[in-house]
Amino acid sequence: MFFPSSAPLAVLTTQPLEGPLDYLAPEGGVALGAFVIVPLGPRHVMGVVWAHATGDYPIDKLRPVARVLDVPPMQEQMQQFLIRVGAYTLTPLYNMLRMAIRVPGLADLPGDRVVYVKGQSTPSRMTPAREKVLDVLISEPDMQFMAKELADLAGVSAGVVKGLVEHGAIDARTAPRDLPFPALDHKRPGKTLSTSQRKAAKALADKQGHGYGTTLLRGVTGSGKTEVYLEAVAECLRQGKQALVLIPEIALTVDFLSRVEARFGARPAEWHYGVTMTERRRCWRMVAEQKAQLVVGARSALYLPFADLGLIVVDEEHDGSYKQEDGVLYSARDMAVMRAALEGAQVILASATPALETWVNAESGKYDRITLDRRFGSAELPQMKPIDLRAEAMTSNAWISPRLADEIDLRLAASEQSLLFLNRRGYAPLTVCRACGHQIGCDDCDARMVEHRFRGELVCHQCGETKSKPKVCPNCGVEDRFAPVGPGVERLAEEAAQRFPQARIALLSSDMMLSGHALRDHIQGIAKGDADLIIGTQLVAKGHNFPLLTCVGVIDADLGLQGGDLRAAEKTFQLIRQVAGRAGRADRRGTAFVQTHQPEHPVIKAIISGDEEAFWIAEAAERKRAGVPPFGRLAGVVVSGENNALVNDIAQKLARRSGMLKDIGAEVFGPAPAPIARIRGRHRMRLLVRGAKDQRFQAALAEWRACVPIPSQVRVSIDIDPQSFY
Ligand code: ADP
Ligand code: ZN
């Protein structure tokens with residue numbers, strides 16, 4: 001659709017307004033979906049030509065669109081996608097639009113820019129700063145940098161870059177604003193696949209180009225899921241369509257990028273927070289112009305303006321990080337399926353331990369299922385062995401049982417790697433005054449401060465607030481009696497260093513504040529054998545390949561089972577199976593030792609026996625009985641604000657007005673103070689709504705929220721299909 005000069009039209013802006021506003025098409029007209037700048041009061045704001053004029057304003061009062069931006073218009077499927085995600089997650093449209101245009105330089109004028117690349121000469125005088133700049137250019141030979149970006153990456157001042165240009169060590173070039181990504185060659189041969197891999201790859205490739213469909217690609221760790229779904233990507237590229245691969249952890253993209261390069265001869269586009277501004281802008285634009293064939297990204301890549309999307313792969317689809325927990329509360333896995341349905345594209349959900357939702361959808365035939373049940377080559381799945389902590393002679397402030405320690409000694413003697421897994425960041429979860437028992441808490445949250453020795457401070461894991469460890473107890477005034485209680489990975493590393501003095505120990509935790517580069521180097525070094533003993537949080541569970549690793553020790557298998565979380569069993573099962581899967585990838589079989597106080601617990605038993613189908617059948621039956629996802633819908637409602645009385649009042653009012661929810665058969669539980677009743681100084685009350693899987697669920701929730709006037713100091717957030725319940 002095209003609006004000729006001065007035709008009335010509606011523009012959706014990113015401003016918090018009810019809906020689109022009417023304007024007149026600019027001189028020369030404008031297409032539906034065009035990105036534009038429009039006047040709004042005294043300001044100019046960004047928006048998208050959304051629809052025909054609403055007719056809410058007299059036409060003679062309308063102002064014209066100020067400028068049409070130099071990017072391809074938003075496609076209708078994308079509009080529909082934003083509308084549907086908005087309706088599903090109860091998010092206003094203007095907020096959805098913000099997600100779709102979260103990219104720098106959208107309003108830039110067309111034209112050239114100056115970029116810096118490595119030059120021919122060497123400067124007569126080398127300084128450490130100059131060397132840093134040249135190192136960046138050498139390690140990223142395909143990149144073009146703007147001066148400031150290059151200086152920032154190298155950690156030097158812009159003057160250093162300028163100096164190098166004068167010496168001819170760096171060349172300044174005029175380049176078109178954004179370069180297309182190098183073409184990927186789908187004709188290059190991939191790895192030689194095993195018979196079962198080939199069958200799986202063919203089945204996936206055959207589905208390409210036949211409209212929408214979702215397939216669960218289930219395969220034990222090391223079965224070659226990546227190799228297999230790359231064949232579907234190849235077919236998608238052969239058909240001239242674009243593909244998107246979502247990955248749960250940026251640290252993993254590096255490995256994936258090299259695999260893509262090996263397979264297709266060039267690197268794909270990247271989209272995540274570790275990517276430079278220039279590259280983000282380039283990625284967004286090239287995706288829209290169909291000059292990027294494959295994007296590897298984090299969940300927000302779902303909102304990129306693909307010109308012709310053929311395939312979305314969600315790797316490790318069960319991973320919790322696919323759920324966005326602030327701002328717009330959405331599950332990237334579920335929204336990938338929604339986007340693909342709108343685009344007529346295929347979805348591949350890859351996992352060794354699928355989410356229960358996905359498993360149920362595959363069981364019911366809503367999704368297809370392809371299974372790889374053996375590891376590639378001679379590698380065998382690890383043996384799983386429980387260690388009953390009740391029967392071990394545990395010393396105080398030690399978490400490695402004698403039996404596990406003996407096993408690690410054996411591996412050390414054989415020059416094999418071991419991994420100790422504990423899903424707790426920091427040194428100790430509690431810091432307690434030995435004189436009075438006082439625990440150091442966060443001033444702004446109902447949470448204990450966690451000691452991080454590496455960083456030398458106490459950190460609140462809720463709000464990120466830090467303080468130094470006090471000398472004097474604020475409760476009893478006694479000096480120097482604070483003691484750490486319980487283990488975090490840092491403390492575990494300390495214990496390991498004492499117990500295995502000869503071992504080289506590497507700590508892998510998400511809060512080590514390493515840059516993407518450094519983390520990648522660290523992980524690659526470990527994979528090559530730079531460490532004998534790896535100690536890590538769930539960062540290590542996610543798909544890294546450690547070929548020398550033959551022994552995994554799960555320090556506390558019971559940790560995730562505490563707390564009344566709906567998904568506690570499922571998450572524990574997935575996490576421990578994933579971690580165990582790190583062991584024994586090459587020619588030596590691995591063993592995973594699972595320390596537990598309750599070896600008879602059904603979840604622990606399922607983990608040990610590895611009977612995954614039985615676990616899912618039991619878990620699904622349990623959820624069905626309780627009428628919770630995936631058999632029913634849940635919405636977590638959090639009312640929060642600084643004024644506790646006001647928060648209480650609104651929560652009560654919401655509970656009293658829940659009639660319209662009862663009309664659609666939904667039940668409302670609560671309100672009750674949230675398990676973490678205060679975060680960042682805001683008091684929190686929770687309600688839980690449980691209903692049938694019904695089109696009307698979200699609409700009824702929206703109506704319900706709207707009938708209680710919410711003062712501006714109070715926020716009501718509604719989380720559909722919540723993952724966390726704190
Ligand atoms: P998954 O994603 O299922 O854990 P990957 O695709 O990462 O499995 O494969 C595990 C390892 O086995 C990788 O190092 C991969 O390169 C290797 N591999 C898998 N299939 C093949 C194959 N057909 N030929 C050679 N190597 C393979
Ligand atoms: Zn806090």
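The values are calculated or read from the model by the stated rules, or taken from the named source; none is laboratory data. In this text the structure is predicted, and so the values were computed from the model without any measurement. Note: ideal-geometry Cβ built from the backbone for every residue, glycine included; neighbour counts use all protein chains shown. Heads up: the accessible areas ignore ligands, DNA and RNA and are worked out on the full protein's heavy atoms, side chains in. Shrake-Rupley method; radii C 1.70, N 1.55, O 1.52, S 1.80 Å.
Numbers for the structure displayed
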quantity: Most to least accessible of K528, K207, K162 (protein chains only, probe 1.4 Å); calculated: K528, K162, K207
quantity: Modelled FRET efficiency - R0 51 Å, S258 with E18, Cβ distances, 0.05 increments; calculated: 0.60
quantity: For the chain, cysteines whose Cβ has no other cysteine Cβ within reach (under 4.7 Å); calculated: C236, C283, C463, C551, C707
quantity: Approximate spin-label separation T174-K148, in nm, with each point projected 7 Å along Cα-to-Cβ; calculated: 2.2
quantity: Neighbourhood net charge (12 Å Cβ-Cβ; Lys/Arg +1, Asp/Glu -1) for V432; calculated: +3
quantity: Evaluated at q = 0.11, 0.12 Å⁻¹: base-10 log I(q)/I(0), Debye formula over Cα of segment 618-705; calculated: -0.34, -0.40
quantity: 12 Å beta-carbon shell around T54, net charge (K/R +1, D/E -1); calculated: -3
quantity: For the chain, calculated [θ]222 nm from helices alone, where every DSSP H run of n ≥ 4 adds -39500 (n - 2.57); calculated: -9500 deg cm²/dmol
quantity: Apportionment of accessible area to carbon and sulfur, the chain, percent (1.4 Å); calculated: 51
quantity: Listed peptides 708-714, 502-508 by packing density, highest first (mean Cβ within 10 Å); calculated: 502-508, 708-714
quantity: Dipole-positive endmost among A493, S468, L410 within segment 399-502 (Cβ charges, Cα centre); calculated: S468
quantity: Distance in nm between pseudo-label sites at K624 and Q502 (7 Å out along the Cβ direction from Cα); calculated: 5.5
quantity: Viscosity 1.002 mPa s, temperature 20 °C, Stokes-Einstein D of segment 220-343 from Kirkwood C-alpha radius, µm²/s; calculated: 146
quantity: Dipole magnitude (debye, nearest 20) for the chain, charges at Cβ of Lys, Arg, Asp, Glu; calculated: 220
quantity: Order of exposure, largest accessible area first, which applies to Y23, Y116 with probe 1.4 Å; calculated: Y116, Y23
quantity: Dimensionless Rg ratio for the chain, taking C-alpha atoms and the 2.2 N^0.38 Å reference; calculated: 1.02
quantity: Positive-end extreme of charge dipole, the chain - chosen from N643, I138, L69 (charges on Cβ); calculated: L69
quantity: Cα-only Debye scattering, segment 552-669: base-10 log of I(q)/I(0) at q = 0.15, 0.19 Å⁻¹; calculated: -0.82, -1.02
quantity: Trypsin sites (Lys or Arg not before Pro) restricted to DSSP loop in segment 625-726 with at most 13 other C-beta within 10 Å; calculated: K693
